[in-house]
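What follows is a set of notes on a single structure, which appears directly below.
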Amino acid sequence: MGSLSTANVEFCLDVFKELNNNNVGENIFFSPLSLLYALSMILLGARRNSAEQMEKVLHFNQVAESLKWEYKNSSKCSQTGRIHLELGALFSRINQLDSNYTLGLANRLYGTREMTFRQKYLSCSEELYGARLQTVDFEHSPEETRKTINAWVESKTYGKVKNLFAKGTIDPSCVMVLVNVMYFKGQWKNKFQERETIKAPFQLSEGKSVIVEMMYQSGTFKLAFIPEPQMQVLELPYVNNRLSMVILLPVGPAHLKQIEKQLNLKTFQKWTSSSNMVEREVEVHIPRFKLEIKYELNTLLKSLGMTDIFNHIKADLSGISPAKRLYLSKVIHKSYVDVNEEGTEAAAAAGESIGLKRLPIRAQFMANHPFLFFIRHIDTNTILFYGKLASP
């Protein structure tokens, strides 16, 4: 599954860079795993150029090379390609029932009632992704359909994600809509004590500051010091050590923009590698924060190279339906995260070492200015959520 987790990271960084360019100075939060999973449901029925574009954007073209061997499976869906079976296996591994965290993935396709859908696609979508296509009447009941979708998403995210589609966003011309939300709730392995939380300033990029609820604890955590660009990388594990939050914090003269500029698969893997992360006593100061962000991703996915799928003439979704002119109308993605003393609730090699002798006995990790953070599954190194906190 290593190649699949690499695809997850590459896709994540691609999406982040696009969002970052289009939302300068703003908070960013999304779930690359959820998006990867949802778009793969479309890929399951995409053919020819549409499929090739999607595989390239999702970085599955590299994964496919390492999966070219026959998959011994009695299911008729095994012929659809090993990537779909691998994705299902990956999510099952992350979402273990005995885990001390709640992870909910809400993916569903809504298709117009006038369209005939291939039975094989419907059954394989349900078997491989645990998702089914629901037929709705976009043309005659767009508002009723909007409410139906919103109610379903709200129920799947324990009431945290509401009103995914605002009034008027579902119109009669819609043919197919992909809905995609992820929910996560986990407790810190080492909780922050509320009595230690104080009001403190958080420096914003523009030289201004805001007062935040700054949480504090002292304990043993994995911490890396990266010399160029100067930053600290801290890992905060959740209960059971299956998931963790990793924070990339610029220090000294370094600015978050320098980290973002150098951020790619190679640097990301190097900065967060186990060879860099050393367990030590750390005094941790991080703000309590809550984010709820929604994106319509049509333009972003087109800019990454996934163009045909949104074009009613060029789209080839013949694996989903024999009907002509079937295309993807909208990709809406909404994520929610709540980081507090208890934990997090979210909808969604050898490097240069700095001499440890010069460091204080306890390292200080003071997240009182913008930083990047992500929630990952430690065993598979898969990124579930990725974000930038520019302003709590």
Taking residue 341 and the conditions (1) outside any strand (DSSP E or B); (2) surrounded by 14 or more Cβ atoms within 10 Å (Cβ to Cβ); (3) at pLDDT 85 or above, which numbered condition does it fall short on, given that it satisfies the others? (3)
Return the residue satisfying two criteria in turn: it lies in segment 88-119 and is surrounded by fewer than 16 Cβ atoms within 10 Å (Cβ to Cβ) and in a helix (DSSP H, G or I), and of such residues it is modelled with the lowest pLDDT. 92
The condition of being modelled with pLDDT of 80 or more, more than 21 Å from residue 385 (Cα to Cα) and acidic (Asp, Glu) holds, among 194, 206, 154, only for 194
Report, by residue number, each residue of segment 361-376 that is part of a strand (DSSP E or B), modelled with pLDDT of 90 or more and crowded, with 16+ Cβ neighbours inside 10 Å. 365, 371, 372, 373, 374, 375, 376
Result of the Cβ filter at 8 Å on segment 298-324, keeping first residues that are not assigned by TED's automatic domain parsing to the domain that holds residue 334 and partners that are buried (at least 16 other Cβ atoms within 10 Å of the Cβ), at least 6 apart or interchain, is none
Subset of segment 239-297 (residues that are part of a helix (DSSP H, G or I) and over 18 Å from residue 385 (Cα atoms)): 240, 256, 257, 258, 259, 261, 262, 266, 267, 270
Is at least one residue of segment 152-174 of a type in the set (D, E, K, R), closer than 22 Å to residue 336 by Cβ and either in contact with a Ser or Thr (Cβ under 8 Å, 6 or more places away or on another chain) or buried (at least 20 other Cβ atoms within 10 Å of the Cβ) (or both)? yes
Would you pick out the residues in segment 154-187 that are over 12 Å from residue 331 (Cα atoms), assigned to a strand (DSSP E or B) and out of contact with any helix residue (DSSP H, G or I) (no Cβ under 6 Å at 6 or more places or on another chain)? 183, 184, 185, 186
Could you list, in sequence order, the residues of segment 34-54 that are among the aliphatic types (A, V, I, L, M) and part of a helix (DSSP H, G or I)? 35, 36, 38, 39, 41, 42, 43, 51, 54
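The values are calculated or read from the model by the stated rules, or taken from the named source; none is laboratory data. In this text the structure is predicted, and so the values were computed from the model without any measurement. Ideal geometry is used to build each Cβ from the backbone, glycine not excepted, and the neighbour counts take in all protein chains shown.
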